[in-house]
Amino acid sequence: MSSKHVYSSPEGLVVKSLQGAVALNPSLRLHEPSKTVYISPPSSQTRVSVISGGGAAHEPAHASYTGYGMLAASVSGEIFASPSAKQIICAIRLSSYPGEAMHVRRTTITQLSVVDDSKSSSLRTVPSRKDVLVIINNYTGDRLNFGLAIEKARAEGITVESVIVADDVSLLHSDSESSSLVGPRGLAGNILVCKILGALAERGSSLENLKQVGDTIVAHLASIGVGLEHCHVPGTITRSNLGNDECEVGLGLHNEQGVRRVKMSSWGLDSAAVKLVDEMVGKVLRSRGVVDGGRDNFISEGDNTVLFVNNLGGMSQLEMGALITDILARLALSDIHPVRIYCSSYMTSLNAPGFSLSLLNVSTIHRVLRFASSALVRQVDILQLLDDPTEAHSWVGVRRFWHSDGQRDLREHEQGAEKILRSMTSQPHDFERTSKVQDEDGLTDPPATAYWQQADISPERVEYGIIGACRALLAEESVLTEYDTIVGDGDCGTTFARGAKAILSAIEKHLIEVSKLSPDQVVGRIGDVFEDNMGGTIGALFAIFFTAWSSAIKFRMINPSSSSSSPSSPTSSPAHNVQFMETLSDALASLSHHTPAKPGDRTLMDALYPLCNPSLGAGKARGAVVEVEAGSVDGRVITVADTGNPAASTSNVDSNTPQESFAAACLRAHEGALSTRGMKPKLGRAVYVEIKEGDSELPPDPGAWGVAVLVQGFWDGFCGRVPGQDGQR
């Protein structure tokens, strides 16, 4: 693994790479704030826009697969981090824009017919909006963020469907509960799905048909990957965990560990490659079980298949050519002879030395579609759709046509994107939210300071608490990264740090001024900042949680009688009657609609659940100290003391003021995070790592530990225990 890079820092690298991708195709535009690449003008042939995307570091996916005949738009997150829902909704809006009514003069794809429109003519009336099909790889962060964006788009009146690509078969026959919860991951087979559905959309197919064909393709697509080493992310320190003669079968796309390590020397130097290929092909062919007689059930005798071999970024072309030879030889032993063979760097993992192979059973797809709809199967020829031309410049066999001259005006492109976005919805699109944007009820609400005064909470101490939480996360970044390197893809520390830095920046720029905002507005703006800056699964979960928490606080302020506390008296204030721990519980309930994670799954929910639920965990008396066992979590100590309320010394911390309740919640979150040590993961990328239950060497879940650090940092800041916090920001 090479740790040398021309660009030594990831800062700004993703946008610069997207600018380069757009420069290669004059029909592409870039909306930098949302990191969305889209075609302009929209295709006059399509009724449906097919889009996809995900974290960066998989280039050329997906920006370089955007173009007429393939994707109408793509959206990118940061390195190995899913784009946020706000980014994705922009991509959906841009792709749903129909453009102006125009004559069909597409000289680049002249032979394509409109299969769903019996009244095809040279002049087509463009609808008010195109439907949108979203192709999503089966990773938790992608599922959460794309799912939220789809729901938001539907609320705006855009018709949206999705196809989930889950082609990784490395864990398909695992008996573990975790593999059944998360399902197979999405690998490079995603690009095959994008090409076929993009071509079908260019032929004028309907959203219903595209969805049906897409789901059928995924059901008959199988992939598996292998890595000789993990990739290196610019600006990070990564230690090699693989021996010189080891490889990892079942390697994922996000630098996470494989499902099995193999010493290639045990196979013999001369036959290691052949035996590796034999194992990988065998897993693919057995991915659907066996039929009578012991024959693999995935591919029947005489079936037409497509072989798709993907370079993860660090393999030499010399070896890739040799691998094709060995893979074809192994398939021939099973009487399988692919009718299409593709080999390139389709979906990489930065510079990882490794590859994946995918098999698509074309014949079975046609049989299933014929059974479902005789009309549909006449319209769909998978091989022809693969052969259809596209202007997406990274698809092998591409036909592209340069039809513009001169320098690209990127600012003009961005202004054009903003114009489209304004025309598609009345919602604001600014990614820089400011404190000058009033709440929709702001004109009738009392001054924000009144809420804090009536609740007997100092807004200055709340702001110090927020600063303390951010500083604590930044101080713990390397520890979180270390924990995540052992059990995940190593980006947890940087993800938390991005969110912390963004919050501190918002406070410094007076975009978050606690004393000028009501409690629900403070929480809501923190959620907005997390959504815009954090990225990944954690960013999505935090954005959902803080948004739901903001709504819960506001609802209980307006409806204080809905609280389980006694009804407010005519003279009491709404803020004073809000039970803040109950609003945390409300937020947790909303979050649970979007994730199956529960305590015991080894996720951040192991800390978040007890934080929000007084019935879980200990959290007894004021001033309690939890001493961590010697040798566990570096002997760290968490202290909850000095609530700043004289009555606290004689009160039960679970049932009085918000300060006292939060003090107890800190303890519960910490205990919940510690409980994940040695716990076998059931969700998240750590599920793909070979971990035994009760492994004493396994650190706490990094997400759960991050939550514990955050809440303890807030409490320390609130109580004035953050270094340098003397009343100045």
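The values are calculated or read from the model by the stated rules, or taken from the named source; none is laboratory data. Keep in mind that this is a model prediction, so the values were computed, not measured. Cβ atoms come from the backbone with ideal geometry, glycine included; neighbour counts cover every protein chain shown.
The figures follow:
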item: Residue match in the stretch 465-479 (condition: under 28 Å from GLY678 (Cβ atoms), in contact (Cβ under 8 Å) with a residue 40 or more places away in the chain and polar (S, T, N, Q)); result: no
item: Which numbered condition SER205 fails, given (1) surrounded by fewer than 24 Cβ atoms within 10 Å (Cβ to Cβ); (2) touching a strand residue (DSSP E or B) at 6+ places or on another chain (Cβ under 8 Å); (3) of a type in the set (Gly, Ala, Ser); (4) at pLDDT 90 or above; result: (1)
item: Test result for ILE538, part of a helix (DSSP H, G or I) and surrounded by fewer than 22 Cβ atoms within 10 Å (Cβ to Cβ); result: no
item: Test: ILE224 is touching a residue at least 24 places away in the same chain (Cβ under 8 Å) and touching a helix residue (DSSP H, G or I) at 6+ places or on another chain (Cβ under 6 Å); result: yes
item: Count of the stretch 586-595 residues which are over 16 Å from PRO519 (Cβ atoms) and either in contact with a helix residue (DSSP H, G or I) (Cβ under 6 Å, 6 or more places away or on another chain) or charged (D, E, K, R) (or both); result: 4
item: Close pairs from the stretch 268-289: first over 14 Å from ASP245 (Cβ atoms), partner of a type in the set (Phe, Trp, Tyr), Cβ under 8 Å, at least 6 apart; result: VAL284/PHE298; LEU285/PHE298; ARG286/PHE298; SER287/PHE298; ARG288/PHE298
item: Any hit, the stretch 695-713, residues being buried (at least 24 other Cβ atoms within 10 Å of the Cβ) and at pLDDT below 80; result: no
item: Residue match in the stretch 378-395 (condition: modelled with pLDDT under 90, surrounded by fewer than 21 Cβ atoms within 10 Å (Cβ to Cβ) and farther than 28 Å from PRO60 by Cβ); result: yes
item: Wholly within the stretch 83-187, helices (runs of 4 or more DSSP H) carrying at least 3 residues that are modelled with pLDDT of 90 or more and β-branched (Val, Ile, Thr); result: 85-96
item: Matching residues, the stretch 30-42, being more than 17 Å from LYS16 (Cα to Cα) and buried (at least 24 other Cβ atoms within 10 Å of the Cβ); result: ILE39
item: Conditions (1) surrounded by 21 or more Cβ atoms within 10 Å (Cβ to Cβ); (2) of a type in the set (A, V, I, L, M, F, W, C); (3) closer than 24 Å to ALA166 by Cβ; (4) at pLDDT below 95; number of the one not met by MET347; result: (4)
item: Count of residues meeting criterion [under 32 Å from the mean Cα position of the chain (by Cα) and at positive phi] in the stretch 299-343; result: 1
item: Entirely in the stretch 329-397, the helices (runs of 4 or more DSSP H) that have 1 or more residues that are closer than 30 Å to ARG29 by Cα, of a type in the set (Val, Ile, Thr) and touching a residue at least 60 places away in the same chain (Cβ under 8 Å); result: 382-387
item: Candidates GLN87, GLN19, GLN45 - the one that is in contact with a Lys or Arg (Cβ under 9 Å, 6 or more places away or on another chain), surrounded by fewer than 24 Cβ atoms within 10 Å (Cβ to Cβ), polar (S, T, N, Q) and under 26 Å from ARG498 (Cα atoms); result: GLN19
item: Of all residues making up the stretch 131-169, the number that are surrounded by 21 or more Cβ atoms within 10 Å (Cβ to Cβ) and touching a Phe, Trp or Tyr at 6+ places or on another chain (Cβ under 8 Å); result: 2
item: Some residue of the stretch 667-688 being in a loop (DSSP other than H, G, I, E, B), under 24 Å from the mean Cα position of the chain (by Cα), under 30 Å from ARG461 (Cα atoms) and modelled with pLDDT of 75 or more; result: no
item: Checking THR537 against (1) at pLDDT 85 or above; (2) under 19 Å from the mean Cα position of the chain (by Cα); (3) among the polar types (S, T, N, Q), the condition it does not meet; result: (1)
